[in-house]
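A.B. asks: Let me begin by handing over the structure; questions about it come next.
Here, each number is a calculation from the coordinates, and none is a lab measurement. Small disclaimer: the values here were computed from a predicted structure and weren't measured. When we count neighbours, we look across all protein chains shown, and the Cβ atoms used for this are built from the backbone with ideal geometry, even at glycine.
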Amino acid sequence: MLKVFLSYHHNARNTASRLKDSLDVLGVDAFLAHEDLEPSVEWQKEILRALKYCDVFIPVLTRS
């Protein structure tokens, strides 16, 4: 399965969520921090892990 890391400014949270939903429909495993991190995990380590193992990095570019 293709693993994608979505990087976004917090103002683009909704846009990034819609992109993740669209990728999920296509069978792509997209990592989105505000949806995929559990409150109790060490978020910095999880983000670095997701970056290390992703196949594709997609920056969500907005005016923000």
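A.B. asks: Give me, ordered by chain and number, the residues 5 or more places off Phe31 or on other chains with an amide H under 5 Å from its own placed amide H.
C.D. replies: Those lying under 5 Å, H to H, from Phe31 are Val4, Phe5, Leu6.
A.B. asks: Note down the magnitude of the dipole of the chain about its Cα centre, charges +1 on Lys and Arg C-beta and -1 on Asp and Glu C-beta and zero elsewhere, to the nearest 20 debye.
C.D. replies: 280 debye
A.B. asks: Taking 0.36 nm per intervening residue step and subtracting the Cα-Cα distance, what contour gain separates Val56 from Asn11 on full extension?
C.D. replies: The span from Val56 to Asn11 would gain 14.0 nm if fully extended.
A.B. asks: Mean residue ellipticity at 222 nm from the helices of the chain, using -39,500 (n - 2.57) per DSSP H segment of n ≥ 4 over the full residue count, to the nearest 500 deg cm²/dmol?
C.D. replies: Per the formula, -12500 deg cm²/dmol.
A.B. asks: Now a separate question. With an 8 Å cut-off on Cα pairs and a minimum separation of 6 or more residues, tell me the relative contact order of the chain in percent.
C.D. replies: RCO, the chain: 55 percent.
A.B. asks: Bin width 10 Å, origin at 0, all Cα-Cα pairs of the chain: what percent of pairs per bin?
C.D. replies: Reading the bins upward from 0: 22, 55, 23, 0.
A.B. asks: Okay, moving on. So, in nm, how far is label Asp36 from label Leu2 when the simple model puts each one 7 Å beyond its Cα toward the Cβ?
C.D. replies: Result for the modelled spin labels: 1.4 nm.
A.B. asks: Turning to a different aspect of this structure: Add +1 for every Lys or Arg and -1 for every Asp or Glu among the other residues with Cβ under 11 Å from the Cβ of Asn14, and state the total.
C.D. replies: My count for the surroundings of Asn14 gives +2.
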